[in-house]
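Sending over a structure as structure tokens; questions will come in a sec.
Since every read-out is calculated from the coordinates, none of them should be taken as a lab result. Quantities reported herein were computed from a predicted structural model and do not represent experimental measurements. Please note: Cβ atoms are built from the backbone with ideal geometry, for glycine as well, and neighbour counts cover all protein chains shown.
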Amino acid sequence: MSGESTSPAAIAAQTLFRVALGAVLVAHGSQKLFGWFGGGGVEGTAKGMHAMGFRPAKPNAVLAGLGEAGSGAALALGLCTPLAGAGAATTMSVAASTHVRNGFFAAEGGLEYPAVLGLAAASFAVGGAGRVSLDHVTGHVLDRPWLRVVAVAAMPVVVAVQLYRRRLALEATEAESAAGLDVA
């Protein structure tokens with residue numbers, strides 16, 4: 001490690017960014033899980049998930065909420081950072097995929113916001129939580145180099161599986177609509 005990465009300012013910056021990212025993810029996931037901060041709760045989120053092609057909608061809503069809130073809490077604490085970062089990055093990558101058709105910028109409903117959250121979370125999955133973290137306090141028992149590799153390698157696989165399942169559900173809905181079946 002270079003002296004720069006261990007300077008008090010670098011340590012403070014990394015910690016501030018990790019805790020802030022975790023807090024944003026907790027708030028975002030709490031909207032889905034509990035309806036806090038103007039969110040729809042599990043039922044409202046499930047309706048939106050169904051409309052976007054995620055089936056079954058309710059378990060997907062709960063998983064999305066847990067992927068954001070649970071991973072966010074672990075990131076904020078710096079606990080099991082490879083899995084927390086990968087969990088948040090995976091969840092936000094799937095979320096970003098639903099915004100692709102709206103372009104990049106969040107102001108137009110684009111993928112900017114979930115993509116940035118996902119990339120930031122992935123950076124902690126790769127680089128760890130830093131010195132001011134529970135991972136550091138516990139001797140990195142839940143933050144081993146092999147765990148980082150596994151977590152990062154699993155991200156594209158999980159995203160691909162989820163997007164494939166979504167595509168199949170959307171194709172089935174289109175086929176049912178074309179056949180005149182009620183898909184509600």
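Taking other Cβ within 10 Å of each residue's Cβ, how do TYR113, TYR164 sort, fewest first?
Going from sparsest to densest Cβ surroundings: TYR164, TYR113.
Local charge sum around LEU117 (other residues, Cβ-Cβ under 13 Å, Lys/Arg +1, Asp/Glu -1)?
My count for the surroundings of LEU117 gives -1.
Let me ask you something else. Using a 10 Å cut-off around each Cβ, can you sort HIS99, HIS136 from fewest to most neighbouring Cβ atoms?
Least crowded to most crowded, the residues run HIS136, HIS99.
Kindly provide the chymotrypsin sites (Phe, Trp or Tyr not before Pro) of region 80-134 that DSSP labels as loop, not H, G, I, E or B, and whose Cβ sees at most 13 other Cβ atoms within 10 Å.
Hits after loop and neighbour filter: PHE104, PHE105.
Need the C-alpha centroid separation for region 62-99 versus region 28-46, integer Å.
15 Å
Springs between alpha-carbon atoms under 10 Å, Gaussian network over the chain: tell me which of ALA84, ALA27, ALA51 tops the mean-square fluctuations.
Maximum fluctuation in the GNM of the chain, among the listed residues, is at ALA51.
Using bins 10 angstrom wide from zero, how does P(r) for the chain break down, in % of all Cα pairs?
10, 33, 33, 16, 6, 2, 0
For the chain, modelled as a Gaussian network with Cα springs under 10 Å, which listed residue fluctuates most, VAL149, VAL42, VAL62?
VAL149
Based on DSSP H runs of at least 4 residues, each adding -39500 (n - 2.57), what is the mean residue ellipticity at 222 nm of the chain after dividing by all its residues, to the nearest 500 deg cm²/dmol?
Mean residue ellipticity, 222 nm, calculated: -24500 deg cm²/dmol.
Also, quick follow-up: Sorted from fewest to most neighbouring beta carbons within 10 Å, what does the list LEU75, LEU117 look like?
LEU117, LEU75
Follow-up question, since we're still on this one. Picking from ARG131, ARG148, ARG101, which is most flexible by a Gaussian network model of the chain using Cα springs under 10 Å?
Maximum fluctuation in the GNM of the chain, among the listed residues, is at ARG101.
Pull out the extension gain between PHE104 and GLU171, defined as 0.36 nm times the separation in residues minus the alpha carbon to alpha carbon distance; nm, one decimal.
21.6 nm
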